[in-house]
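Worksheet: one structure, shown below.
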Amino acid sequence: MFSKDATWMRTARIALPLGLAALALAGCAGGSGDGADGSSSSKVAAVIKGLDNPFFQAMESGIQETADTDGVDVTIQAAADIGDTTGQADKLTTLAGQDFGCFIVNPISGTNLVQALATVGSSGKPIVNIDNPIDADAAKTANLDVATYIGTDNEAAGGKAGDYVKEQVAAGSEVAIIGGVAGDVTSAARVDGFKAAIGSDLDVIQESAADWKREVALTTATDIIAANPNVKAFFAANDDMGLGIVKAVENAGLTGQIVVVSVDGNKDALESVKDGGLSATVAQYPYAIGTLGLQACEVATSGGELPKTVESPTALVTSTEAEEAISAFPQPFAPFENPLESLLPSK
């Protein structure tokens, strides 16, 4: 488990899906510095999504606290908000011209950081992609070699939500889906996983996009409830939108009568689950994703090899698990094995 004691961070153990251990290790470009001499190879730059979303606040904490524990010099820049594609790219462009040995990137879209990464890629410095994947075709066109991708299996996360909803409502019940930005790969994977899990057992009466925003989801859900008085459940592709739906349900006087499930496991969502607002959230581990991203740079800059993919697990949190999850936040509330532990350089 990622302990609250920072001295445990490097030896944190994160359980991986069966199959991941069988992945062939792929070489990644990296310097020879071990971080002890303050050389450029030991300096890490991280560019993440907007800190207006608590998910990315937890990710930032994972990166920074792991760097502090491991004695790594890290600079973290965040987009102004979750839609600031141009601003995020500008921040990376500035950092790309500076003296860093490894780059952690959490792009807003699959392509918005590709041009800025071209400079990094041409220098041979390792690129660690976390959370939201860089578009494979765009990366190939730009001749980018991404050292590793670290993130959630979003389709599986949506599937866990779908399985839960099926258990909570009667067969044939009407359900609605609210995704993030239309065309976003992460949102699409979560929605696809949810729909695959419920199959033909439940009736999806509407699927809308709310741009990952709470206020947009509130308005959208309000309209859906007014037009579909028999709707029994909502699935939201992130917690912010889930909490907007909870407010719409509350405003309609239907709290406890409509199931609402979302994805992320942010602290405000965990509190809502505890208090009977959200029915459940599929918790990702943004703190762990940040930790793994920083550790991947440690491996890369010491000349080590990385798996091409590292999957960060998820866990369904209902009222039964909410208290434990809140107590552990932002760190995971369940133990899991860290696939990078054996690859980390000795300090």
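The values are calculated or read from the model by the stated rules, or taken from the named source; none is laboratory data. This is a predicted model, so every value here is computed, not measured. Using ideal geometry, Cβ is built from the backbone for each residue, glycine included, and neighbour counts are taken over all protein chains shown. Heads up: the accessible areas ignore ligands, DNA and RNA and are worked out on the full protein's heavy atoms, side chains in. Shrake-Rupley method; radii C 1.70, N 1.55, O 1.52, S 1.80 Å.
Residue pairs whose Cβ atoms lie under 8 Å apart, sitting 6 or more positions apart in sequence or on different chains, and linking a residue in segment 327-347 that is modelled with pLDDT of 85 or more to a partner that is among the acidic types (Asp, Glu), are Phe333/Glu321; Phe333/Glu324; Leu343/Glu305; Leu344/Glu298; Pro345/Asp34; Pro345/Glu298. Screening Pro313 against (1) open to solvent by 10 Å² or more (accessible area, probe 1.4 Å); (2) out of contact with any Pro (no Cβ under 8 Å at 6 or more places or on another chain) leaves a single unmet condition, (2).
Matching residues to (1) more than 23 Å from Gly244 (Cβ to Cβ); (2) without any contact (Cβ under 8 Å) to a residue 12 or more places away in the chain:
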| position | (1), (2) |
| --- | --- |
| Asp135 | yes, no |
| Ile150 | yes, no |
| Gly162 | no, no |
| Ala188 | no, yes |
| Gly193 | no, no |
| Ile224 | no, no |
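Annotation: of all residues in segment 186-203 being touching a helix residue (DSSP H, G or I) at 6+ places or on another chain (Cβ under 7 Å) and of a type in the set (A, V, I, L, M), the one that is most open to solvent (accessible area, probe 1.4 Å) is Ala196. Scanning segment 140-182 for residues that are open to solvent by 70 Å² or more (accessible area, probe 1.4 Å), part of a loop (DSSP other than H, G, I, E, B) and not aliphatic (A, V, I, L, M) yields Asn143, Asp145. Scanning segment 152-186 for residues that are in contact with a Ser or Thr (Cβ under 6 Å, 6 or more places away or on another chain) and either more than 23 Å from Asp131 (Cβ to Cβ) or not polar (S, T, N, Q) (or both) yields Ala157, Ile178, Gly179, Gly180. Within segment 206-225, the set of residues being closer than 18 Å to Gly162 by Cβ and open to solvent by 50 Å² or more (accessible area, probe 1.4 Å) comprises Gln206, Glu207.
Mind checking which residues of segment 94-106 are in contact with a Lys or Arg (Cβ under 8 Å, 6 or more places away or on another chain) and in a loop (DSSP other than H, G, I, E, B)?
First pass over segment 94-106, keeping only residues in contact with a Lys or Arg (Cβ under 8 Å, 6 or more places away or on another chain): 99-103, 106.
Passing the criteria: Asp99, Phe100, Gly101, Asn106.
Does Thr291 fit the bill of being buried (at least 23 other Cβ atoms within 10 Å of the Cβ), β-branched (Val, Ile, Thr), in contact with a helix residue (DSSP H, G or I) (Cβ under 7 Å, 6 or more places away or on another chain) and at pLDDT 90 or above? Steps first, please.
Details: buried (at least 23 other Cβ atoms within 10 Å of the Cβ): yes; β-branched (Val, Ile, Thr): yes; in contact with a helix residue (DSSP H, G or I) (Cβ under 7 Å, 6 or more places away or on another chain): yes; at pLDDT 90 or above: yes.
Yes; evaluated as a whole, the condition is true for this residue.
Within segment 254-310, the set of residues being more than 30 Å from Ser42 (Cβ to Cβ) and of a type in the set (Val, Ile, Thr) comprises Thr255, Ile258, Val259, Val260, Val261, Val263, Val273, Thr281, Val282.
Exactly one residue among Glu298, Glu324 is part of a helix (DSSP H, G or I), surrounded by fewer than 17 Cβ atoms within 10 Å (Cβ to Cβ) and modelled with pLDDT of 95 or more, and that residue is Glu324. Only residues that are surrounded by 19 or more Cβ atoms within 10 Å (Cβ to Cβ) and in a helix (DSSP H, G or I) were counted across segment 58-93, and they come to 13.
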